[in-house]
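Everything on this sheet refers to the single structure shown next.
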Amino acid sequence: MPTAGRAPLLVPRAGERPARRPVAPPPLPTDRFAELLLAVLSGQRPVHAMLRHTAGQAYDELVRLAERGPLRTRGARPVVRDIGWFEPREGAIEAFARIGAGDRLRAMAFRLEQGRDLRWRCTAVELGGPRRHHPHRADTR
């Protein structure tokens, strides 16, 4: 009798191949980093959690951003709604994520580079803020 929550064990007949379960592909590095960055910038994780996942000036920029708590919210917890990315060269990914909290939507951009050890590290991070008026540009709103 099968146990609740488990699929029954199927034994293949002689000469049959066992059924293979589909294997979910591993998450892309963009997915993992978007979630890590969101956790730090929303105050859910300390900034030093990104120390081994960053390279160059990215950690310093992340510290400055995290001090302001730009993605901290009252009420709805921020979530990654969408991720897009572009690969300008092998071993580099430029990505963006749409971050939603309730009816508010923010943009986060980051760059990942793969090191010689094949680990991905964040080398740049930016947040989209309120649109600023540029006096030299025509207002197209």
Checklist outcome for this item: Here region 57-74 yields Karplus 3J(HN,Hα) values (6.51, -1.76, 1.60; θ = phi - 60°; whole Hz; Gly and Pro given as x) of 7, 4, 5, 4, 5, 5, 4, 4, 5, 5, 4, 7, x, x, 10, 6, 9, 9
Next on the checklist: I need the peptides 87-96, 108-117 ranked by packing, meaning the mean over residues of other C-beta atoms within 10 angstrom, with the highest value on top.
Outcome noted: 108-117, 87-96
Item to check | Under the Karplus curve 6.51 cos²θ - 1.76 cosθ + 1.60, θ = phi - 60°, whole-Hz ³J(HN,Hα) for region 78-84, x wherever Gly or Pro sits | outcome: x, 9, 7, 9, 7, 9, x
Checklist outcome for this item: Sorted by chain and number, the residues with a modelled amide H under 5 Å from that of Ala124, at a separation of 5 or more or across chains, are Arg111
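Every number in this text was worked out from the coordinates using simple rules, so none of it is lab data. What you are looking at is a predicted structure, and each value in this text was computed from that prediction instead of being measured. Counting neighbours? That spans all protein chains shown, and the Cβs are built from the backbone with ideal geometry, glycine included.
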